[in-house]
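Colleague: Can you read through this structure? Questions will come right after.
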Amino acid sequence: MTEREKPDLFATEAARLALLSDRILGDPKEIDAAEAEELLLAANIDASELKARFHRRFDNLAKAYAARGQRVPPLLKQALADLRPGLSHSRAERELLRQAQTAVRDLLKQAKQLPQLLTKIPNLTLAAAYRNKKELSEHDKKLLDDVARNIQNRKMNVKPDGRAKVRV
Amino acid sequence: MTRLTKGAAYGRVLARELRVGPGNLSRIAPRLGLEIREVNAEGFDGALIRARELALGAIVIRKSIREAGRKNFTLAHEIGHFLLPGHDQTELICTKADVGNWGDGAKEIEREADEFAAELLMPSALVQRIIRSAAPSLQLIEKIASQFHTSLSAAAWRYCDLAKERCAIVWSGDERIDWSKRSETFALSLRKGTPLNKATYAFRAFAGQAVPKQPQEVPANGWISANDLAENAKLWEQSKALPAYGSVISLLWLQP
């Protein structure tokens, strides 16, 4: 069988993947980059990492073409240009998401260890700027004071080992 | 494409980290070290009382907020204050005007908390699918509000935040534009405080007159300066009176 007679497995596979993708996610025209990124994130795939991996792979492919003295196909050139890492706006967004992820994870971790952490802190300082607000009624200030007292009680109701005190 | 804001980034990450469906706030708050208390407040809709030293606090919500969607949005807004950097040293008592005030004059931290709440309750990927499912209409915005358990004003803002069509939402009070939100492609000006033109359905809705239940073509100069408008452009309007708020909501849609 000559090269020309061989079935184009790449094209068949690409068509199958395109069909699967269309069935699951809809026509590519209906989805923008932001939504695609969110769908990937929902599947725990970091879009920037995926993009970088594709860029590396296509870059190696382009180098292989060059090493053989062949011209790099136009579509491959286009893919490399599209995936080239750079200081784009989306990079700033990715950085923002990274910062948010760190902050959220820290907070969730702290919330999980709350009973133990409460035993280590001698006193809780609660935001109390509301007490100086002229536009708040005495009734509202009292409500907020009650809530603040309740938070303080949460600390007092924790045993030194982090477990809740049993109320009789 | 809409720019990802700080508030939206934190809202999106929180939903992803907790792996809970949109709107499930009663499950989210305890996992952040927050208690939720409903109280008979007189002068505020929501408040956050927090400890400085660690992730511990309480969100206080006014019991008498009528609309469940509005209550949910206020709760999400306060979670935003708890989570967002730079919100920890500030005043955290939010009046009705602070929550879901989409006007240009909103304080920055309140706007960030609103953007956080919008993304947490109405994830862009899910809302975009609804937006694409039908032509612009107030019914579509009401569907978003109902499906994501949020207020109509927040859903309307979100709609124009994500829509690709040339549309805008106008919220009017006292027969004047209170705030507006334009989609990225709606480049025409809608100024806050502008009195409603008598030729608009919004004006008729204020007057208690019947208005069409679907978008209708209207004289564009009722809303927009004729100089700003392309010669063949057509403006469609759908307005609805909201007696409980003393307001009228209008959807404007430019075609082609």
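The values are calculated or read from the model by the stated rules, or taken from the named source; none is laboratory data. The model shown is predicted, which means the values in this text are computed figures rather than measured ones. Here Cβ is always computed from backbone atoms with ideal geometry, including for glycine, and neighbour counts include all displayed protein chains.
Colleague: For residues that are surrounded by fewer than 14 Cβ atoms within 10 Å (Cβ to Cβ) and facing chain B (nearest Cβ under 7 Å), scanning just region A:122-136, find the one that is farthest from the chain's Cα centre (by Cα).
Modeller: Taking region A:122-136 and keeping what is surrounded by fewer than 14 Cβ atoms within 10 Å (Cβ to Cβ), we get A:122-123, A:125, A:128-129, A:131-132, A:134-135.
From the residues that got through so far, the ones that are facing chain B (nearest Cβ under 7 Å) too are A:125, A:129, A:135.
Values: A:T125: 32, A:A129: 34, A:E135: 40 Å.
Once the filter is applied, the top-ranked residue is A:E135.
Colleague: Filter region B:183-222 down to the residues that are at pLDDT 90 or above and buried (at least 18 other Cβ atoms within 10 Å of the Cβ) and list them by number.
Modeller: Within region B:183-222, B:S183, B:L196, B:T200, B:Y201, B:A202, B:F203, B:R204, B:A205, B:F206, B:V211, B:P215, B:V218 qualify.
Colleague: Do you know which residues across region B:138-159 are crowded, with 24+ Cβ neighbours inside 10 Å and over 18 Å from B:A241 (Cα atoms)?
Modeller: B:F148, B:T150, B:R158, B:Y159
Colleague: From A:L124, A:L117, which residue is outside any helix (DSSP H, G or I) and either among the aliphatic types (A, V, I, L, M) or modelled with pLDDT of 90 or more (or both)? Steps first, please.
Modeller: Working: A:L117 fails: outside any helix (DSSP H, G or I).
Sole residue among the options that is outside any helix (DSSP H, G or I) and either among the aliphatic types (A, V, I, L, M) or modelled with pLDDT of 90 or more (or both): A:L124.
Colleague: Do we have any residue at all in region B:110-120 that's touching a Pro at 6+ places or on another chain (Cβ under 9 Å), modelled with pLDDT of 90 or more, closer than 24 Å to B:S239 by Cα and assigned to a helix (DSSP H, G or I)?
Modeller: Checked region B:110-120: no residue is touching a Pro at 6+ places or on another chain (Cβ under 9 Å), modelled with pLDDT of 90 or more, closer than 24 Å to B:S239 by Cα and assigned to a helix (DSSP H, G or I).
Colleague: Still on this structure: Give, as residue ranges, the strands (runs of 3 or more DSSP E) completely inside region B:205-256 that count at least 2 residues that are polar (S, T, N, Q). First the steps, then the outcome.
Modeller: On the way: elements: B:216-218, B:234-242, B:247-255.
Ranges flagged: B:234-242, B:247-255.
Colleague: Any chance region B:154-167 includes a residue that's part of a helix (DSSP H, G or I), closer than 18 Å to A:E37 by Cα and within 14 Å of another protein chain (Cβ to nearest Cβ)? Can you show your working first?
Modeller: Step one: list which residues in region B:154-167 are part of a helix (DSSP H, G or I), which gives B:154-162.
Within this subset, residues satisfying the condition of being closer than 18 Å to A:E37 by Cα are B:161-162.
Checking which are within 14 Å of another protein chain (Cβ to nearest Cβ) leaves us with B:161-162.
Scanning region B:154-167 turns up at least one residue that is part of a helix (DSSP H, G or I), closer than 18 Å to A:E37 by Cα and within 14 Å of another protein chain (Cβ to nearest Cβ).
Colleague: Let me ask something additional. Can you confirm whether B:G43 is at the interface with chain A (Cβ under 7 Å from one of its Cβ atoms), more than 14 Å from A:A111 (Cα to Cα) and at pLDDT below 90? Give the derivation first.
Modeller: Details: at the interface with chain A (Cβ under 7 Å from one of its Cβ atoms): yes; more than 14 Å from A:A111 (Cα to Cα): yes; at pLDDT below 90: yes.
Spelling it out, B:G43 is indeed at the interface with chain A (Cβ under 7 Å from one of its Cβ atoms), more than 14 Å from A:A111 (Cα to Cα) and at pLDDT below 90.
Colleague: If B:E17 meets every condition in (1) over 18 Å from the mean Cα position of the chain (by Cα); (2) over 19 Å from B:L126 (Cα atoms) apart from one, which number is that one?
Modeller: (2) is the only condition that B:E17 fails.
Colleague: Restricting attention to region B:62-79, and to residues there that are buried (at least 21 other Cβ atoms within 10 Å of the Cβ) and within 14 Å of chain A (Cβ to nearest Cβ), which single residue is nearest to B:I93 (Cα to Cα)?
Modeller: B:E78
Colleague: Can you report the number of residues in region B:168-204 which are touching a Gly at 6+ places or on another chain (Cβ under 9 Å) and in a loop (DSSP other than H, G, I, E, B)?
Modeller: Looking only at that region, the number is 7.
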